[in-house]
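A.B. asks: Below you will find the structure I want to go over with you.
The values are calculated or read from the model by the stated rules, or taken from the named source; none is laboratory data. Quantities reported herein were computed from a predicted structural model and do not represent experimental measurements. Here Cβ is always computed from backbone atoms with ideal geometry, including for glycine, and neighbour counts include all displayed protein chains. Note: areas computed on protein heavy atoms with side chains; ligands, DNA, RNA excluded. Shrake-Rupley method; radii C 1.70, N 1.55, O 1.52, S 1.80 Å.
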Amino acid sequence: MAHKAGFVNIVGNPNVGKSTLMNAFVGERLSIITSKAQTTRHRILGIVNGEDFQVVLSDTPGIIKPAYELQASMMDFVKSAFEDADVLIYLVELGEKDLKDESFFEKITSAKIPVLLLLNKVDKGNQQLVEEQVDLWKARVPNAEIFAISALENFGVPEVFNRILELLPDSPPFYDKEALTDKPERFFVNEIIREKILLHYKKEIPYSVEIDTEEFFEEENIIRMRSVIMVERETQKGIIIGHKGSALKRVGVEARKDLEKFFGKQVHVELYVKVNKNWRSDQKQLKRFGYNNK
Ligand SMILES: Nc1nc2c(ncn2[C@@H]2O[C@H](COP(=O)(O)OP(=O)(O)OP(=O)(O)O)[C@@H](O)[C@H]2O)c(=O)[nH]1
Ligand SMILES: [Mg+2]
């Protein structure tokens, strides 16, 4: 029996639902999702295995004009997703604005590989609006096949998956057929904690935070972990901790609940906060946190 395999890379503006879509394909909560832009900072693989196929999806950061080194590294992840794609998914939402970077838009419209333009969040609009937007995108990206979907409600997602299977080349699998992702366990610990930070803190705080899980011990009935929440300035440390530690405690409680679901096991998580001045502009630090592979 012939085996199909390939890379399906999802790109688009911030907040259009790229992570929601990847999780819908994989059927697991691999990528964190929030209503804030720039939730995703890495390129995260989600692998869907079948007897005769392996679809390797990539979730990527939303396309922005980088203002500091961290964001530049995020855009390098987006670039890499253009380089190895067998199928490109350009995800847009109803009422979408142009991409912040024209060169990325050009890469999409001149792509030599199949491009699926998915119009997301159609649950928020009526049929007339959806039809208008489909026509608009047909004119803007003539090389794309267009599907109207709702990643949140899984509407249209199975149809897109079937189309992907038709488009993938014959190939042996790239990863172990049991694998769900390329990232280690600690990465997901960091992300789940960061999600709680994005949910509970305002303005620049979530964007100034990086998580580093220093310890991860799996015992028979429990996983024990210790993670550092890094901020850029002393004032931010106080805000993260909150009055008598209440804000930090909430992060810990909520993160633990999700970590227990994710690992299917009891979890103990210890959090502490550290100032790491200007880490997001420091090449060395970024490399240490897995951002810079130059
Ligand atoms: N109504 C509706 N909301 C959606 C849909 N898909 C995603 N969302 C919401 O849109 C917001 C952003 O979703 P994400 O999946 O985090 O978006 P993203 O493109 O990964 O965002 P970044 O990682 O920040 O670039 C969240 O609040 C989602 O719940 C959808 O089909 N319908
Ligand atoms: Mg995302």
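A.B. asks: How many percent of the accessible area of region 185-288 is carbon or sulfur, using a 1.4 Å probe?
C.D. replies: Details: 2770 of 5650 Å².
In region 185-288, the share of accessible area belonging to carbon and sulfur is 49 percent.
A.B. asks: Calculate the FRET efficiency for D123 and D182 from the Cβ-Cβ distance with a Förster distance of 30 Å, rounded to the nearest 0.05.
C.D. replies: Working: r = 31 Å, r/R0 = 1.03.
The pair D123/D182 has a calculated efficiency of 0.45.
A.B. asks: Express in nm, to one decimal, how much length is gained between K287 and R224 on full extension, taking 0.36 nm for each residue of separation and deducting their alpha carbon distance.
C.D. replies: 20.1 nm
A.B. asks: Same structure, new question: Helix-only estimate, please: 222 nm mean residue ellipticity of the chain, summing -39500 (n - 2.57) across DSSP H runs of length 4 or more and dividing by its residues, to the nearest 500.
C.D. replies: After summing the helix terms and dividing by residue count, I get -11000 deg cm²/dmol.
A.B. asks: Still on this structure, please answer the following. Measuring from centroid to centroid over Cα atoms, what is the spacing of region 220-248 and region 1-28 in Å?
C.D. replies: 32 Å
A.B. asks: Can you give the percent of C-alpha pairs in region 14-71 whose distance is more than 14 Å?
C.D. replies: Numbers: 899 of 1653 pairs.
Roughly 54 percent, once rounded to a whole number.
A.B. asks: Given +1 on the Cβ of Lys and Arg, -1 on the Cβ of Asp and Glu, and no further charges, what dipole in debye does the chain carry about its Cα centre, rounded to the nearest 20? Kindly include the intermediate steps, with their values, before the conclusion.
C.D. replies: Details: 42 positive and 45 negative charges, 301 e Å.
With only Lys, Arg, Asp and Glu charged at Cβ, the dipole is about 1440 debye.
A.B. asks: On alpha-carbon atoms, Rg over Rh for the chain using Kirkwood Rh?
C.D. replies: Values: Rg = 19.7 Å, Rh = 20.2 Å.
Ratio of gyration radius to Kirkwood radius: 0.98.
A.B. asks: Can you pull the percent of Cα pairs in region 185-288 with separation above 24 Å? Show your work: numbers first, answer last.
C.D. replies: Details: 1119 of 5356 pairs.
Of all Cα-Cα distances in region 185-288, 21 percent exceed 24 Å.
A.B. asks: Still on this structure, please answer the following. Label 7 Å along Cα→Cβ of E145; region 160-188 residues with amide nitrogen under 20 Å?
C.D. replies: Residues 160-171 fall inside that zone.
A.B. asks: Moving on to the next point. Separation between the K274 and E214 pseudo-spin-labels, each 7 Å from Cα along Cα→Cβ, expressed in nm?
C.D. replies: Once both label points are built, they end up 0.5 nm from each other.
A.B. asks: Assuming 0.36 nm per residue, please report the length gained on full extension of the stretch A37 to E51 beyond their Cα-Cα distance.
C.D. replies: 1.4 nm is the gain from fully extending A37 to E51.
A.B. asks: A further question on this structure: Hey, what's region 114-189 come to in accessible area per residue, 1.4 Å probe, Å²? Can you show the working numbers first?
C.D. replies: Details: 4310 Å² over 76 residues.
So region 114-189 comes to 57 Å² accessible per residue, rounded to a whole number.
A.B. asks: Also: Within region 122-203, list the trypsin sites (Lys or Arg not before Pro) lying in a DSSP loop whose Cβ has at most 16 other Cβ atoms in a 10 Å radius.
C.D. replies: Working: sites: K124, K138, R140, R163, K177, R186, R194, K196, K202, K203; in loops: K177, K202, K203.
Those that pass, being in a loop and sparsely packed, are K177, K202, K203.
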